[in-house]
1. Given (1) within 21 Å of B:Val145 (Cα to Cα); (2) facing chain B (nearest Cβ under 8 Å), identify the lone condition not met by C:Val88.
2. Got a sec? Which of B:Arg506, B:Arg493 is of a type in the set (Lys, Arg), surrounded by 14 or more Cβ atoms within 10 Å (Cβ to Cβ) and within 25 Å of the chain's Cα centre (by Cα)?
3. Assess whether B:Leu180 counts as being crowded, with 22+ Cβ neighbours inside 10 Å, assigned to a helix (DSSP H, G or I) and in contact with a Cys (Cβ under 7 Å, 6 or more places away or on another chain).
4. I'm trying to understand the selection: among the residues of segment A:54-78, which are buried (at least 18 other Cβ atoms within 10 Å of the Cβ), modelled with pLDDT of 90 or more and within 17 Å of the chain's Cα centre (by Cα)?
5. If B:Gln191 satisfies all but one of (1) closer than 30 Å to B:Gly215 by Cβ; (2) assigned to a helix (DSSP H, G or I); (3) within 11 Å of chain C (Cβ to nearest Cβ); (4) of a type outside the set (A, V, I, L, M), what's the number of the condition it fails?
6. Residues being touching a residue at least 24 places away in the same chain (Cβ under 8 Å) and in contact with a Ser or Thr (Cβ under 7 Å, 6 or more places away or on another chain): count how many of those fall in segment C:1-44.
7. Only one residue in C:Gly54, C:Gly50, C:Gly63 is over 27 Å from B:Glu162 (Cβ atoms), facing chain B (nearest Cβ under 10 Å), in contact with a helix residue (DSSP H, G or I) (Cβ under 9 Å, 6 or more places away or on another chain) and not hydroxyl-bearing (Ser, Thr, Tyr). Which one?
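The values are calculated or read from the model by the stated rules, or taken from the named source; none is laboratory data. Just so we're clear, the structure is a prediction, and the values are computed from it rather than from any experiment. Cβ sites come from the backbone with ideal geometry, for glycine too, and all protein chains shown count toward neighbours.
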Amino acid sequence: MPAGMSLIVKTVARLAVSFITVFGIYIIIYGHLTPGGGFAGGTILAAGLVLLLLAFGRQRARQIVTHEAVITWDCMGALGFAAVAVLGYVAGGFFVNFLARGEPYHLASGGTIVLSNSAIGAKVGAGLFGMFWALAAFRSSRTKEEQP
Amino acid sequence: MSSLLPLFVIVPLAAGFIAPLGQFWNQTHGARTVRALALLAGACLLAGSLALLGRGPVVCWIGGWPEPGRATVGLSLVVDGLTELLLVTVNTIAFLALLYSWSYVQRFTGQVLYYCLFLIMLAGMNGVVLSGDLFNVFVFMEVAVMASYALVAFGVDRSELEASFKYIILGSVSSLFVLLGVGLLYNLTGQLNMALVAQHLAAREPTPAVWLAAGCFVMGFGLKSAMVPFHAWLPDAHPSAPAPISAMLSGVLIKAAGVYALCRILFNVFGMTSPTGSAYAHVLMTLGALSMVIGVLLAIGQWDFKRLLAYHSISQMGYVLLSIGVGGAVLAAGGSKTVAGLAVFGGLFHLVNHAVFKGLLFLCSGAVEYATGTRDLHELGGLKKNMPATSGCCRVAALAIAGVPPFNGFFSKLIIIVAVAAAGYWMLAGMAVFVSFMTLLSFVKVQRYVLEGTPAHTTAAVREVPFPMQVAMVGLAIGCLLLGVLAPLHKDRLITPAGRVLTDERAYAATFQPPTFDVTIPEIAARPDSQERQP
Amino acid sequence: MTFGTLPYVLALVLMLIGLYVIVAKKNIIKIILGVLILEHSINLFLLLQGYRHGGTAPIRAPGQLDTEAFAATSVDPLPQALILTSIVIGLGCLALMVCLAVRLYERFGTFDITRIRELRG
């Protein structure tokens, strides 16, 4: 039996994942202006990737988003957040805003908030997808043992 | 110096997130690099915490948010005597556990993830003792405890999974009660900064909401510090973890996330000299005494080496809580400050000593398991012939915990018993002596079955453990000796300032310094928010 | 009981339901759900601390740059930040609990905690 779901689901998923990813990125980077931010946007990104996994099956999803990619995005997200915090020392203290604060209500008005949100979004997205994938992979490896 | 305080949290956190990247490399090279990185991080933290000793109250405000005049919106990290003591203890035991892990963890798969979780746990513990903000204490405690849930289940065998599941359910409930207490205090005072909450609580008379908040904190942090009605997770969780993690859990996690947080909140935020103070003190005393007795009575009948040590952790934490509770009770009754100071000193000294000798005992039990493959006392025996370093360290640790001079346990237990008796609680002092005697019995049993006797056929061909493990154990054994013998030298740098923080409660609230910043932001000077901007 | 205390009563009821499920149910998944319900109730309680009767959402509308007037009418945004952190912590905890449940099923063959009792004494 071919992995994944039917052709209709696969086609719609291909379209939907693009929009979901863009929506997730929008929620992340507008986090200082509208409700959302890093965690909410990251969850949406992870949901898009989970849709990929459900529609195409584990093998194909692993080719698209490899195990190494998940771990790398995860760690880079955390290290990016730490880097933003440590770079604050340039401006006088830990986690101090070192970018110019632009005009209010514009995208570039949050200072380092955008960077922090992006880092958190990457981490949460990669982390949640990795969790889901690990549980799915675990279940499949176990049922494989049970099959004669 | 004060602005470098967040590095105590950031260094292990960053190292912990660089660690999983080591998986991509070659298997052995990746693990070796991660091991060295973790040890380096541990060494830097140890050096930093030793450099911080005696620097007095230091307050670091994070983020550069100036005080707008209505409410303090920043997070603060506060270092005073108690924090310095805990930082040195946590980072020393962590460094030695990392050194021990160098060889011990090679027998596990997933070494890289072990180091990642260990470093995150270390970051969480450093954060708990440094934080000056109530909610931050909760967050860092959760970080540390979450890593420990995963580490308890690290060797994914049946008993480890069961122990970790029990631990995670009970730990989650207790953390949620801590969060409830934080919410109640926010409702009562409108602040989250611990010094400001202390000032607000001192200025109002106690309502039932204050009692409820205190009760929530006792329940929440009491579970983390394994006080008796809340101890049920510890005898399952601590033996199931790998040995260096058991040393960290029993040695520092129950102290940093449990006893430290409880004492900081009850003494410095709620206040023992407030009208409700004597109730808090008596609760600590009663639960401490119960922990002492129940822990040791349950420990004597154990035949699993690590489970016996875990029950003794409960008992020794009972000593610490009893002594600190007696100090609080004397303060609340307006009694002699000398007696209160002595009781608190004894409790904190015993806290440090317990970290050292219990850490050493768990490392020795890990060495025994590494060499023989078993933890059952029935199957061990005669190890002193083939494992001289391990058996010497085990003997030192057993004598220290039993309270035999000249090791450190004797001095701290003596001070506790004298202080409790001087405060007038003769029954409790007698119970403390009785528990000490039972501890001695229990460790005579351990020495008889592990070290003495004829080697069983399974243990006849053992060899000594690898060198890094020996170095870590010998280091802790030397610590046991020096902490006891050199007590008059180190007490004024390490323990007396910490005790003074607890007995002189108003000092913590007085350390509150509003943030003053001198930050330069490129190209925009500070502008008032109410200025309308034309698009 | 006025209308204003009703959300607090809800939080208390949810708290008690969560505690009951953790204590009385035998299935691991139900216990995990009990922890989740307890966590939601405490988040609800924390969120209620910031409520102001007739207040607006703590988002500045375009053109509303006066901080004093904004702070006088909006609800307190601090508890919202606190529960966001708490929700994330709860999510991490939930993921770990589910992984443990899956592994426990693999080792013991059951989700019944009365049959997962190897560690005693």
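1. Failing condition for C:Val88: (2).
2. Residue meeting the stated conditions: B:Arg493.
3. yes
4. Within segment A:54-78, A:Val70, A:Trp73, A:Asp74, A:Cys75, A:Gly77, A:Ala78 qualify.
5. Looking at each condition in turn, B:Gln191 falls short on (2).
6. Adding up the residues that qualify gives 6.
7. Among C:Gly54, C:Gly50, C:Gly63, only C:Gly50 is over 27 Å from B:Glu162 (Cβ atoms), facing chain B (nearest Cβ under 10 Å), in contact with a helix residue (DSSP H, G or I) (Cβ under 9 Å, 6 or more places away or on another chain) and not hydroxyl-bearing (Ser, Thr, Tyr).
Quick grid of which residues meet (1) outside any loop (DSSP other than H, G, I, E, B); (2) over 30 Å from B:Ala195 (Cβ atoms):
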position: B:Val446; (1), (2): yes, yes
position: B:Val462; (1), (2): no, yes
position: B:Met469; (1), (2): yes, yes
position: B:Ala477; (1), (2): yes, yes
position: B:Leu481; (1), (2): yes, yes
position: B:His490; (1), (2): yes, no
position: B:Ala498; (1), (2): yes, no
